[in-house]
1. Taking the convex hull of the Cα atoms, report for segment 238-305 its projected area averaged over all directions, in nm².
2. Note down the magnitude of the dipole of segment 1-123 about its Cα centre, charges +1 on Lys and Arg C-beta and -1 on Asp and Glu C-beta and zero elsewhere, to the nearest 20 debye.
3. Which residue, chosen from 40, 263, 121, occupies the Cα position most advanced towards the positive end of the dipole of the chain, where the dipole is computed from +1 (Lys, Arg) and -1 (Asp, Glu) charges on Cβ about the Cα centre?
4. Could you go through segment 69-75 in sequence order and give the Karplus-derived ³J(HN,Hα) for each residue, using 6.51 cos²θ - 1.76 cosθ + 1.60 with θ = phi - 60°, rounded to whole Hz, and x for Gly and Pro?
5. In percent, what relative contact order does segment 46-193 have, based on Cα pairs under 8 Å that are 6 or more apart in sequence?
6. Provide the per-residue ³J(HN,Hα) series for segment 231-248, in order, calculated from phi with Karplus coefficients 6.51, -1.76, 1.60 and θ = phi - 60°, each as a whole number of Hz, with x at glycine and proline positions.
7. Please list the non-local residues whose amide H lies under 5 Å from the amide H of residue 235, H modeled 1.01 Å from N, same-chain partners needing a gap of 5 or more.
8. What length, rounded to one decimal in nm, is gained on full extension from residue 42 through to residue 136, with 0.36 nm per residue of separation minus their alpha-carbon distance?
Amino acid sequence: MDHAKLEPPDRLCLVLPAFNEADSLREVVTEALSVLAPSGLDLAVVVVDDGSTDGTGEVLAALTAADSRVSAIRFRRNRGKSAALRAGLARAGADIVVLMDADGQDDPAAIPALLAALGGGLDLVTGRRTIRQDRAVKRYTSRLYNRTTAVLTGVPGHDFNSGLKAMTREVASSLVLYGELHRYIPVLAHWAGFRVGEVDVNHRTRRHGTSKFGGNRFWRGFFDLITVNFLVRYNARPLHLFGAVGVLLGGVGAALLAWMLALNLSGEKVGSRPALMAGMLLVILAVQVLSLGLIAELVVHARHLQGDGGPTRGDAVRR
């Protein structure tokens with residue numbers, strides 16, 4: 001597919017999810033607007049207060065009253081970063097959307113480099129934090145997470161979960177974020193046919209507040225990786241996955257039953273042998289897994305009949 005060159009953007013929207021960042025929010029918004037002022041773009045900032053309880057709402061009210069470019073979305077309770085980003089992206093409506101955390105660790109001075117990469121032909125650019133200013137446990141687990149994600153999804157990258165990203169309107173409109181899928185925005189964009197890349201950026205130490213990193217992110221991240229890998233590889237062909245598992249289980253079960261049949265024909269009693277029970281169980285499981293795959297195929301077929309087949313690789317159109 002031939003793609004026309006990306007036209008210069010007219011409007012840029014900065015989306016900041018914020019959860020208990022009252023001490024840093026004003027500083028981050030002011031600094032970001034100052035950095036972007038020389039660009040000549042029509043600037044907007046959307047801050048999503050994700051159910052903060054520390055006064056973030058009051059700071060945000062003051063910011064919106066003082067600067068018409070700043071708007072707010074407030075959640076009554078904490079709903080998570082994916083929900084906050086989804087709401088912010090829906091409000092943005094700009095040619096270029098920049099995502100940035102409100103804790104002050106993302107350096108706004110890196111945004112021009114991200115915009116330059118977009119102008120060079122990329123559709124999504126992630127700020128790669130070359131030197132992480134975080135605790136050792138967070139750095140090492142993040143490194144393991146990034147390597148695992150790259151291997152299992154086949155998407156090249158070193159810092160998938162960096163909060164600093166820039167993207168075109170088309171990418172922002174294509175993202176469907178829920179649960180914890182914000183960790184895999186580059187994977188989802190790459191799967192939809194967009195060109196993604198990374199730019200080295202400065203990462204700063206946290207000056208205010210406390211980190212939201214917790215131990216529960218380990219197991220949540222593991223299940224999210226399974227989810228996104230399934231969405232990327234088998235969204236339109238679930239039977240390929242369920243069928244492969246079913247055939248494997250059925251093959252092992254059939255081999256065990258064939259062995260038991262051969263022993264029975266030779267005169268040996270097999271009624272109480274564990275291999276017979278295991279073979280029957282595996283065959284039953286194989287039928288169930290294959291049936292689940294067929295049901296999933298029916299769901300996909302119905303979705304396509306309704307005209308909502310979802311994006312497939314190469315569907316994205318770049319202007």
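1. 4.6 nm²
2. Working: 11 positive and 19 negative charges, 106 e Å.
Here segment 1-123 has a charge dipole of around 500 debye.
3. 263
4. 6, 9, 10, 10, 10, 10, 9
5. With pairs under 8 Å counted, the relative contact order is 28 percent.
6. Those phi angles translate into 5, 5, 8, 10, 4, 9, 8, x, 5, 5, 7, 5, x, 5, 5, x, 5, 5 Hz.
7. none
8. Contour length minus the Cα-Cα distance gives 29.9 nm.
Taken together, the values in this text are just the output of simple stated rules run on the coordinates, not laboratory data. Bear in mind the structure is a predicted one, so any value in this text is a computation, not a measurement. Cβ coordinates were reconstructed from backbone atoms using ideal geometry, including for glycine residues, and neighbour counts include every protein chain displayed.
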